[in-house]
1. For the chain, what does -39500 (n - 2.57) per DSSP helix run (n ≥ 4), summed and divided by total residues, give at 222 nm, in deg cm²/dmol to the nearest 500?
2. Quick one: helix 7-16 against the long Cα principal axis of the chain, what's the angle to the nearest 10°, folded into 0 to 90?
3. Springs between alpha-carbon atoms under 10 Å, Gaussian network over the chain: tell me which of Thr100, Thr114, Thr268 tops the mean-square fluctuations.
4. Could you go through the stretch 175-181 in sequence order and give the Karplus-derived ³J(HN,Hα) for each residue, using 6.51 cos²θ - 1.76 cosθ + 1.60 with θ = phi - 60°, rounded to whole Hz, and x for Gly and Pro?
5. What do you get for GluC sites (Glu not before Pro) in the stretch 197-259 restricted to DSSP loop and a cutoff of at most 14 other Cβ within 10 Å of the site's Cβ?
6. For the chain, report the translational diffusion coefficient in µm²/s to the nearest whole number, using Stokes-Einstein at 10 °C, 1.306 mPa s, and a Kirkwood Rh over Cα pairs.
7. Taking amide H positions as placed 1.01 Å from N in the peptide plane, with prolines and chain starts having none, which residues 5 or more places from Trp18, or on another chain, fall under 5 Å of its amide H?
8. Among the listed pairs Lys92/Lys237; Lys237/Lys285; Lys266/Lys308; Lys165/Lys237; Lys165/Lys264; Lys92/Lys194, give every one whose C-alpha distance is greater than 30 Å.
Amino acid sequence: MYADATPEALANGLAKRWPSSGVVSAEAGIVFGSHGMGKDSVMRNLAMLNQLWDGASLAIDRRTSESFTVQGARLTVVLQVQEPTLREFFNKSGALARGTGFLARFLVAWPASTQGFRPFTEAPANWPALAAFNQRLAAILSQPEPIDDDGALTSTMLDMSPDAKAAWVEYHNAIESELARGGELHDVRDVASKSADNAVRLTTLFQMLEHGMNSPISQGNFERAGNIAAWHLSEAKRFFGELALPVELADAVRLDNWLIEHCKNKCTHTVGKSVALQYGPLRKKESIDAAIRELEELDRVQVRRDGKRITLLINPALLDFANAKAANPAKDGVI
């Protein structure tokens, strides 16, 4: 397990120490801000990480020390990162992070903050589902490691049942049809192109956890994995759509989404600015003022002032559109 390692050190560890590793960091600024992500080496190292994700053999040639080859290795990367840190990485790397397909390989999640909605609750006396999960993992880990004499993993190929394969083909084709210009997924076609691949990888994990390697992958396991992959694809569309915008426009988009969701939940079309500042996504006065000005110019909100009280009126057409989408999600594309 690695938290802070250059891609080259990671490759060395996979080749010479253990062929299965994970880069797991709850503060991924360490990873994105590392020396290996500097402007002189970022392209080479992103390409190296992409090859490790693909499971391809990787030759590392050195002038001053022993060269080596990574083969039969598996790498997992789990990163939590703050939005400003990721923006700074994008600014430094330019279009490389997306242009090389590095970020397309991730399952992206950008959850809304739950601050203000986390009352204390007592922990349950026991966790039977977690205990069963841990017991199953322990059983898997106790099996002999499938490693050959050269230190490479000798993975087993799992077959898909006919129903599971048919479901995967349907998922693949539904996404593919939305990648063309004008399609729902055109703006995130780099991420969407990997979604069917990620879905079947998740399916394999579910199958291994539930049944081991004794039976073909089931349709039920694919459907569960497909739902998760599609949710992450929806998150990626939202995430990259906002992250590609200047900060002031991204703030306006975030406030706009929150205002519409708040009004739907409260069955209203007005929101006090103080309420938006307290519970919304923007907690700084300067940020919310700039976002409100943007939304005013776009005719998405009107601002009414009554003394010191400021109220935001949401354009009714936006609420009608949001309600129509909620009533008929099938018209909203693949995801």
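1. -15500 deg cm²/dmol
2. Helix 7-16 and the main axis of the chain meet at about 30 degrees.
3. Comparing Thr100, Thr114, Thr268 in the GNM, the peak value goes to Thr114.
4. 5, 4, 5, 9, 7, 5, 4
5. Loop-located and lightly packed - none at all.
6. D = 68 µm²/s.
7. Answer set, sorted by chain and number: none.
8. Over 30 Å apart, Cα to Cα: Lys165/Lys264.
The values are calculated or read from the model by the stated rules, or taken from the named source; none is laboratory data. Note that the structure is a prediction, hence the values are computed from the model and not measured. Counting neighbours? That spans all protein chains shown, and the Cβs are built from the backbone with ideal geometry, glycine included. Ligands, DNA and RNA are stripped out before the accessible areas are found, and what is left, the full protein with its side chains, is counted by its heavy atoms. Shrake-Rupley method; radii C 1.70, N 1.55, O 1.52, S 1.80 Å.
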